[in-house]
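What follows draws every value from the coordinates through simple rules; no lab data is involved. None of these values were measured; they are calculated from a predicted model. As a convention, Cβ positions derive from the backbone with ideal geometry for all residues, glycine included, and neighbour counts pool all protein chains shown.
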Amino acid sequence: MALFLLAFGVWSWLLWPTFLRNILGDEQSWSNGSPTAFLWVHVVIAVVSLVLGTVIGVLGWRAHRANRRS
């Protein structure tokens, strides 16, 4: 289970930055140089996912280290 959590954290950091770059380049994200609701919603989703991925990855890393010690 620890390795699954760790892999989830790594996967989040591989997936979401790419998604965010794609959203920032999308024409629906901007209207006359200003960010749209489409952009803000997706930025919030990406940030929350990165935070959760980080927390889950850290928990997985700690569990993996604890399993190796015992």
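For TRP61, the stated conditions do not hold, so it cannot be described as surrounded by fewer than 13 Cβ atoms within 10 Å (Cβ to Cβ), in a helix (DSSP H, G or I) and free of Cβ contacts under 8 Å to residues at least 60 places away in the same chain.
When you check LEU39 against the structure, is it aliphatic (A, V, I, L, M), in contact with a strand residue (DSSP E or B) (Cβ under 9 Å, 6 or more places away or on another chain) and in contact (Cβ under 8 Å) with a residue 12 or more places away in the chain, yes or no?
Working: aliphatic (A, V, I, L, M): yes; in contact with a strand residue (DSSP E or B) (Cβ under 9 Å, 6 or more places away or on another chain): yes; in contact (Cβ under 8 Å) with a residue 12 or more places away in the chain: yes.
Spelling it out, LEU39 is indeed aliphatic (A, V, I, L, M), in contact with a strand residue (DSSP E or B) (Cβ under 9 Å, 6 or more places away or on another chain) and in contact (Cβ under 8 Å) with a residue 12 or more places away in the chain.
One residue alone among GLY60, GLY25, GLY33, GLY9 is on the phi > 0 side of the Ramachandran plot and of a type in the set (Gly, Ala, Ser), and that residue is GLY33.
Name the single residue, out of those in the range 5-37 being exposed (fewer than 12 other Cβ atoms within 10 Å of the Cβ) and outside any helix (DSSP H, G or I), that is farthest from the chain's Cα centre (by Cα).
Let us first name the residues in the range 5-37 that are exposed (fewer than 12 other Cβ atoms within 10 Å of the Cβ), namely 14, 18, 21-22, 25, 27-28, 32-34, 37.
After this cut, where a residue has to be outside any helix (DSSP H, G or I) as well, the list is 32-34.
On the way: ASN32: 28, GLY33: 26, SER34: 24 Å.
This residue is ASN32.
Listed conditions (1) of a type in the set (A, V, I, L, M); (2) in contact with a Leu (Cβ under 9 Å, 6 or more places away or on another chain); (3) without any contact (Cβ under 8 Å) to a residue 40 or more places away in the chain; (4) under 26 Å from HIS64 (Cβ atoms) are all met by LEU14, apart from (2).
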